[in-house]
Amino acid sequence: MSIVVKLQNNSSPLNKVDKSISDVITLTGNLRNETDVVNPEILIEYTGDFPVVNYCTIDIFHRSYFIEDIRTIRTHIWLVKAHSDPLSSFKSQIRNNKALLLRQENMYDLLLNDGVFRCRQNSRIGTIAFPNGFGDFHYILLAAGGNNS
């Protein structure tokens, strides 16, 4: 089975969906041994000094990977161990999701008391004057809301 491996450098944080990737080299070869799609270990034949890389993309697996380890097996044979980057691999599916969010990094509602962030509720107090006095009636005070501080 023919396989294309793009060796790259990633300068973005691990938890960022859109990563800043720069391609270093693209290698084409055949997959001779079995490997895991989530944690692939790929033998690469490469003459010369192996490039310094920390990220790769394997199109046939439809995934991007963090390179965890690069080992030399023998002359011109390198073992690249990688781990799947789900944020980058599935970013289009993540963006197409619809969700109801309580909390978000940039847009938030200070009036939403979600139990994690203390917020200040805007209280509304109204006073009604009785122009004819009180007479012989009983009055009841009503209060709505509560104090959860």
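The values are calculated or read from the model by the stated rules, or taken from the named source; none is laboratory data. In this text, all values refer to a predicted model and were calculated from it rather than measured experimentally. Methodologically, a virtual Cβ is constructed for each residue, glycine included, from the backbone with ideal geometry; neighbour enumeration extends over all protein chains shown.
Brief remarks follow.
- Qualifying residue in the range 96-115 (condition: in a helix (DSSP H, G or I), modelled with pLDDT under 90 and either closer than 25 Å to Val5 by Cα or hydrophobic (A, V, I, L, M, F, W, C) (or both)): no
- Residue within the range 14-29 that is of a type in the set (S, T, N, Q) and in contact with a Ser or Thr (Cβ under 6 Å, 6 or more places away or on another chain) present: yes
- Among the residues of the range 34-86, those that are surrounded by fewer than 17 Cβ atoms within 10 Å (Cβ to Cβ) and touching a helix residue (DSSP H, G or I) at 6+ places or on another chain (Cβ under 8 Å) comprise Val37, His62.
- Of the residues making up the range 36-68, those that are in a loop (DSSP other than H, G, I, E, B) and within 18 Å of Pro86 (Cβ to Cβ) number 7.
- Positions within the range 39-68 being under 15 Å from Leu14 (Cα atoms) and among the acidic types (Asp, Glu), in sequence order: Glu68
- Here Gly29 passes the criteria (1) in a strand (DSSP E or B); (2) closer than 13 Å to Tyr65 by Cα; (3) of a type outside the set (A, V, I, L, M) except the one numbered (2).
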